[in-house]
Amino acid sequence: MTTKKKILSISFIVFPAALFLVYWAKIYTNGQEFRSAIPGLTAFATLGVMFILERIFHYKKGVSQKPLALRDLSSTLMNVLVTGKVLGAMVYTPLVLFLPEIMFGRSLFFATPADLGPFWLQLFLVLMVYSFFRYSVHRIQHIIPFLWELHSYHHGVTDLKASNTYVSHPVDFSLRNVLPPVALGFIGFDPMAIVISAGLLNTASTFSHCGAGLHAGPILNYFFVTPEVHRWHHSAKVPEGHKFSVNYGVGFAIWDRIFGTFYLPVEDGIPVQPDRLGHPSGYKDEGNYFKLFFLWRYMPKFMRPKEG
Ligand SMILES: [Zn+2]
Ligand SMILES: [Zn+2]
C-alpha cells in the first residue's frame, strides 16, 4: 500500500472512531456527579476532541478562523452556558407545559413512559421525532425571512471549525437546539431513550462542524450529517436545482434523503467538497459578537450606534 493510500485509509477510520468514543463517553458518564458539577463539560470536551483532530489532520481547502477567535469564544460561551438555561427554562418549558394543559387538561402529552410502548420502540421514536423536528425547524429557518435573518449569521462562517460550531444568534440557536429536546421531554419518553437516541444525534451535530481533513466513510455519510455533508449546507453557492440550501438535517441526514434535499457528490469513492463556504448573499462574516447579538445588519440605520 502506498503512503498516500495509507493516509487515506487512516483518515476513513479516525472520524468514525472519534465520534463513537465521544458518544460512548457521554452515555457512560450520564448522571455522574462530576458531570453535572461542571457546566457544559460534555460540549467543551467534544469541541476539545474536534480541535485536536483539526490540528493533526489539515483540511486542504481550510480557511483560518483565528481573526474571529473572540467572536467564536463569546458565542460558544453564550450558547453552551446561557442560552439553554435562559430560553429553555424561562420560555420553552412554560410554553410546552402550558400547551398540553389547554389541549388535554394535563401537563404531559402521555401520562407515563409505558404509554409509549417498549423501550426499543421509544429509542426509534425519539430518533425519528427528534431528528424530524430539528430538520423541519432548520428548513423553515431558511424559508421565513425573519428566521433567515436570525439564522444567516451562522452562514457567514467561511470554514467549518470546532470554534464556530456554536456561532449563532441565541434565539436562532435555541429554536433548533433547545426547543426540540424540551418538547421531547414533555411528550413523556423514557429519559434513558432520550439519552441514548438524542445523545447520538447531538454528538453527530456537534461533530458536523469538525474542520479536520477527515473522511467519515459511506455509512456515516449516508445516515448522519458529517462535516463532509454539512459543508455543502454552508456552501457560498447553492448547488444547482436546490432553492435555499441543501442538507438541512441536524445530526441525522435521513430526512434530507426522504425529502430530496440531500446533496453530496462523490468521485472515485471520495466525497467532493464545495470550493468556498460563506453567506449565499455575499455578506461578510460578522466578527463582532455585539453586532451579531443585536442583529446589527438588520437594524434601521438611525437606530445603530455610531461606529468609531
Ligand atoms: Zn442553515
Ligand atoms: Zn453549521
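Fewest Cβ neighbours within 10 Å first, please rank L292, L179, L8 accordingly. Working shown, then result.
On the way: L292 23, L179 19, L8 14.
Result, fewest neighbours first: L8, L179, L292.
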Once label points are set 7 Å from the Cα along Cα→Cβ at both L70 and F124, what is their separation, rounded to one decimal in nm? 5.3
Sorted by Cβ density within 10 Å, fewest first, the residues F34, F294, F262: F34, F294, F262
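Based on Cα coordinates alone, diagonalise the gyration tensor for the stretch 109-266, multiply each eigenvalue by 5, take square roots, and list the semi-axes in whole Å, largest first. Present the calculation step by step, with values, prior to reporting the outcome.
Numbers: eigenvalues 146, 62, 41 Å².
That gives 27, 18, 14 Å for the three semi-axes.
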So what's the back-of-envelope 222 nm ellipticity for the chain, counting only DSSP H runs of four-plus at -39500 (n - 2.57) apiece and dividing by all residues, rounded to 500? -15500 deg cm²/dmol
Cα extents of the stretch 1-149 per principal axis, largest first, Å, are 66, 39, 38
Using the number of other C-beta atoms within 10 angstrom as an exposure proxy, rank S163, S245 with the fewest first. S245, S163
Residues with amide H under 5 Å from that of F252, placed H, sequence gap 5 or more: V225
³J(HN,Hα), Karplus 6.51/-1.76/1.60, whole Hz, each residue of the stretch 54-69, x for Gly, Pro: 5, 5, 7, 10, 6, 8, 5, 9, x, 10, 4, 10, 4, x, 9, 4
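Within the chain, which is the longest segment containing none of the trypsin sites (Lys or Arg not before Pro) that sit in a DSSP loop and have at most 16 other Cβ atoms within 10 Å?
Here the longest segment lacking exposed loop sites spans 107-236.
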Defining a contact as two alpha carbons under 8 Å apart and six or more residues distant in sequence, what relative contact order in percent does the chain show? 24
The long-range amide H neighbours of G213, using H built 1.01 Å from N in the peptide plane and a cut-off of under 5 Å, are F57, H58, Y59
Highest mean first, how do 183-194, 263-274 rank when packing is the count of other Cβ atoms within 10 Å averaged over residues? 183-194, 263-274
Work out Dmax and Rg for the stretch 192-231 from the C-alpha atoms and quote the Rg first, both in angstrom. 10.8, 34
Cα extents of the stretch 206-308 along the three principal axes, largest first, in whole Å? 53, 28, 23
Label R276 and I143 with points 7 Å out from Cα along Cα→Cβ: what is the distance between them in nm? 2.9
Starting at the first residue of the stretch 10-27, write each ³J(HN,Hα) from the Karplus equation 6.51 cos²θ - 1.76 cosθ + 1.60 with θ = phi - 60°, in whole Hz, x for Gly and Pro. 4, 4, 6, 8, 4, 5, x, 5, 5, 4, 5, 4, 5, 5, 4, 4, 5, 5
Consider just the alpha-carbon atoms of the chain and return their Rg together with their Dmax, both in angstrom. 19.7, 67
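Read-outs: derived from the displayed coordinates by stated rules, not from any lab. Every value quoted in this text rests on a predicted model; they were computed, and no experiment measured them. Neighbour counts are summed over all protein chains in view; Cβ atoms, including those assigned to glycine, are modelled from backbone coordinates with ideal geometry.
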